[in-house]
Amino acid sequence: MTDTLITNTTLLPRAGADLLEHRYVTVRGTAISQIGPMAACPESSGWQVIDGTGRLLMPGLVNGHNHAAMTLFRGYADDLSLQDWLHHYIFPAEAAHVNPDMVYWCTTLAAAEMIRSGTTCVADGYFFSSHAARAFADAGMRAVVAHGIVDFPAPSVPDPADNIDTVARFIEQWQNVSPHITPGVFAHAPYTCSPKTLVQAKELAERCGVRFFIHIAESSGELQQIIEPQGDSPIKHLDGLQLLDKSTTCVHAVWLDEADLDIVAGSGAAVITCPQSNSKLASGIAPVQSMLDRGIPVGIGTDGCASNNSLDLFREMDLLAKINKFKTGKATAVAAAEVLGCATETGAAAIGLGHLGRIEPGAPADMILLDLARPHLTPLYNQDLLVYAASGNDVDSVIIDGTLVMHNKQILSIDVAEAMARVNSLATRLH
């Protein structure tokens, strides 16, 4: 690992902070070691030097929810309702085409897309998750990889009676093995998992000390589909089963009333909102301003690109801010600085990695450099423009855990052409 010196950059240390011009940042090993004005910059000898002139250095983005291997199904089933899309297209396609080779290469392609658009960390939930974890590790990407649980035959778990044990074996295989990979538990939803399964999944997460993820309250009719509802809303169902606490991440959380919001806030659970996916599937708009007002940790996810169809978090930030202004009728709702926090520091905390999302001495060196020499980023008064005008295509270089994984828009950790060819080959079998 080479120590790195970034010179003469514009620095955004964290969401909500002021932009600092003409700064240097040093990285020793995996951590940020020094920050200061160029007048105090150390000699360049012995460093890997990155010229930050005309660049903005900021914390890497955190994608709080993805099904990375679903790159295979991007564009396969569009313009459909959630239940039609899920039950008539996605579940059958997964049953026929998901296998270890598919998960590895499709996850690798997703990692390339995320790195290129400035995402340094992702929370992923799928099947054959050891192969997803290997793909992220090979890409040099930080990931919370949670293995899926459902109560019907699924890829990597043909016998649902083995669902909990399968995930337990996955956690044992990956826990404390890679500095980049953190295993987790992903109970798909209360309409695909019985109360017994949900409780067992949460108990497994607690026993292993890992994060518990679940899709919840994504659609307006979800309560009618829940297996043995324990309350009169999906959130009350989880609360009745004692699944909500500081180690739980609720994904989507679109259809929450005031009582539901109070329950989530009181439990300490976090939420990941997926604005593009929820909009495309006409699922609704999550009440993010009400969540923030209650102190609920909120992160942003892309969801799988079969329901998005992009893994660009800059795109998500822009939509998140705008749809909540529309929903509330208030232009001040979900301000740009708050959104940027949801995609960095707060979002990292929402998936159990609260040490990420800041550029300061001692922090993990997960950082991205954006090219500011773009018409749409000129002039740059403050960080708000990163939410309302920037795109993943503006990302020039990416550092993850102190390692340069992309420089001058060239990914150094992945053979992108091979990944694209492999996924294209897999896609021919869907037709």
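The numbers here are math on the coordinates, done by the rules we state, and not lab data. Quick caveat, the model's predicted, so the values are computed rather than measured. Every residue, glycine among them, receives a Cβ derived from its backbone with ideal geometry; neighbour counts consider all protein chains shown.
Residue check: is Q173 under 22 Å from H252 (Cα atoms), surrounded by fewer than 24 Cβ atoms within 10 Å (Cβ to Cβ) and not small (G, A, S)? Against the criterion (under 22 Å from H252 (Cα atoms), surrounded by fewer than 24 Cβ atoms within 10 Å (Cβ to Cβ) and not small (G, A, S)), Q173 does not qualify.
Suppose we filter G36, G64 for residues that are part of a strand (DSSP E or B), of a type in the set (G, A, S) and closer than 27 Å to V334 by Cβ; which single one remains? Answer to the check: G64.
Give me a count of the residues in region 39-61 that are more than 25 Å from A146 (Cβ to Cβ) and not in a strand (DSSP E or B). So the answer is 12. Looking only at residues of region 384-420 that are assigned to a loop (DSSP other than H, G, I, E, B) and among the aliphatic types (A, V, I, L, M), we find that the one that is surrounded by the most Cβ atoms within 10 Å (Cβ to Cβ) is A390. Residue count for region 92-113 under the criterion of being surrounded by fewer than 18 Cβ atoms within 10 Å (Cβ to Cβ) and hydroxyl-bearing (S, T, Y): the result is 0. Checking V251, V264 one by one, the residue that is in contact with a strand residue (DSSP E or B) (Cβ under 9 Å, 6 or more places away or on another chain), assigned to a helix (DSSP H, G or I), of a type in the set (V, I, T) and crowded, with 24+ Cβ neighbours inside 10 Å is V264 and no other. Entry remark, region 9-38: residues being of a type in the set (A, V, I, L, M, F, W, C), touching a residue at least 40 places away in the same chain (Cβ under 8 Å), surrounded by fewer than 22 Cβ atoms within 10 Å (Cβ to Cβ) and in contact with a Lys or Arg (Cβ under 8 Å, 6 or more places away or on another chain) number 1 in total. In the set (1) assigned to a loop (DSSP other than H, G, I, E, B); (2) loosely packed, with under 14 Cβ neighbours inside 10 Å, L80 fails one condition alone, (2).
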